[in-house]
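The values are calculated or read from the model by the stated rules, or taken from the named source; none is laboratory data. None of the values given here were measured: they were computed from a predicted structure. Quick reminder, even Gly has a Cβ in these numbers, built from the backbone with ideal geometry, and neighbours come from all protein chains shown. Areas reflect the complete protein model, heavy atoms only, side chains present, ligands, DNA and RNA absent. Shrake-Rupley method; radii C 1.70, N 1.55, O 1.52, S 1.80 Å.
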Amino acid sequence: MRVLVTGRAGYIGSHMVLMLSSQGHDVVVLDDLSSGHADAVLNGQLVVGGLEDTTLLDYLFSEQPFDGVMHFASFIQVGESVHKPAKYYRNNFTNTLNLLDAMVKHGVKNFIFSSTAAIFEESDKPIQEAHPKQPMNPYGRSKWMVEQVLQDYGHAYGLKSVCLRYFNAAGADPEARVGERHDPESHLIPLLLQVASGRRRSMQIFGRDYPTPDGTCIRDYIHILDLCEAHLLALAQLLDGGDSDAYNLGNGNGFSVQEVVDMVRKVTGHPVPVVDNLRRAGDATRLIADSTLARKKLGWVPAYADLHNIVSDAWRWEKTIARL
């Protein structure tokens with residue numbers, strides 16, 4: 001099949017294109033390289049441009065038919081979204097509307113959306129798909145707005161979509177061909193590994209006064225390859241005539257920030273100094289997925305659920321880029 005992938009030069013998109021290409025699919029990549037890396041585009045045809053360029057979108061969809069679109073292009077820093085909401089609504093919401101309108105205009109019906117657990121209200125229990133939607137920050141609200149638009153576009157235009165609500169994507173390609181490389185980096189595991197590799201002196205822990213066993217936030221970490229496998233299954237579901245749907249993607253196990261620090265120390269053999277700081281605005285206490293629906297309806301089974309595997313693959317990538 002021929003698939004358009006937006007944001008392929010980023011973390012998740014780069015792994016997705018590797019997986020699509022390895023299975024023989026034809027991939028076209030659209031990325032403005034504002035937060036990605038051109039050298040991460042190992043496969044597929046790269047078109048450099050942004051979703052704000054409606055003329056480019058019209059040209060792209062006119063030139064070649066697509067069986068589906070996987071949309072990864074978005075800004076993802078929770079803290080930044082609180083201080084710069086316009087940036088997030090313009091890119092994550094308005095630019096996504098441009099993409100959806102181009103799909104409708106050119107008759108492309110299958111859309112896989114990179115959503116987030118940040119759309120949900122906090123909960124002490126694993127979160128199911130029907131859990132109340134109460135985003136705590138503009139990043140989460142921008143994603144929830146798109147999910148609501150997709151429901152309307154489905155009713156009005158017949159656009160079919162699957163929204164995949166990630167909890168915390170982590171890890172890297174086991175062969176260290178691509179990995180997590182945000183600039184600036186904002187995710188816990190790669191930041192800790194940068195300390196271990198010597199690229200960073202220490203790591204800040206934002207808040208030790210949360211109502212958790214060790215006082216630090218708890219998150220559900222999912223290996224990037226398991227995440228990509230869910231995208232393939234979701235697109236196959238739509239191409240087989242399945243209806244639009246939304247699925248939570250996580251392992252169902254929560255690890256605190258301190259537990260992740262301890263695992264990084266174990267895997268790398270480095271002391272990994274940390275510095276305590278105040279809570280960040282917009283951070284939830286606990287986010288853990290109930291992925292029963294994805295397992296049942298997509299047949300999705302995480303193959304890399306162990307935190308040790310996730311950190312080990314990410315460490316292999318960090319050593320590659322740090323040249324250790």
Does the stretch 120-134 contain at least one residue that is outside any strand (DSSP E or B), modelled with pLDDT under 95, open to solvent by less than 50 Å² (accessible area, probe 1.4 Å) and not charged (D, E, K, R)? yes
Subset of the stretch 218-240, residues of a type outside the set (Phe, Trp, Tyr) and open to solvent by 10 Å² or more (accessible area, probe 1.4 Å), comes to 218, 219, 225, 229, 232, 233, 236, 237, 239, 240
Which of the numbered conditions does residue 210 fail, given that it passes all the others? Conditions: (1) within 27 Å of residue 21 (Cα to Cα); (2) open to solvent by less than 70 Å² (accessible area, probe 1.4 Å). (1)
Collect the residues in the stretch 58-72 that are within 15 Å of residue 144 (Cα to Cα) and either assigned to a loop (DSSP other than H, G, I, E, B) or more than 15 Å from the chain's Cα centre (by Cα) (or both), keeping them in residue-number order. 72
Residue list for the stretch 135-144, filter: open to solvent by less than 20 Å² (accessible area, probe 1.4 Å) and not small (Gly, Ala, Ser): 135, 137, 138, 143
Assigned to a loop (DSSP other than H, G, I, E, B), of a type in the set (Lys, Arg), modelled with pLDDT of 95 or more and farther than 20 Å from residue 127 by Cα, is that true of residue 201? yes
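Regarding residue 47, is this residue surrounded by fewer than 19 Cβ atoms within 10 Å (Cβ to Cβ), in contact with a helix residue (DSSP H, G or I) (Cβ under 8 Å, 6 or more places away or on another chain), within 22 Å of residue 185 (Cβ to Cβ) and at pLDDT below 95?
So residue 47 fails the test.
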Count of residues meeting criterion [in contact (Cβ under 8 Å) with a residue 24 or more places away in the chain and open to solvent by less than 40 Å² (accessible area, probe 1.4 Å)] in the stretch 159-201: 27
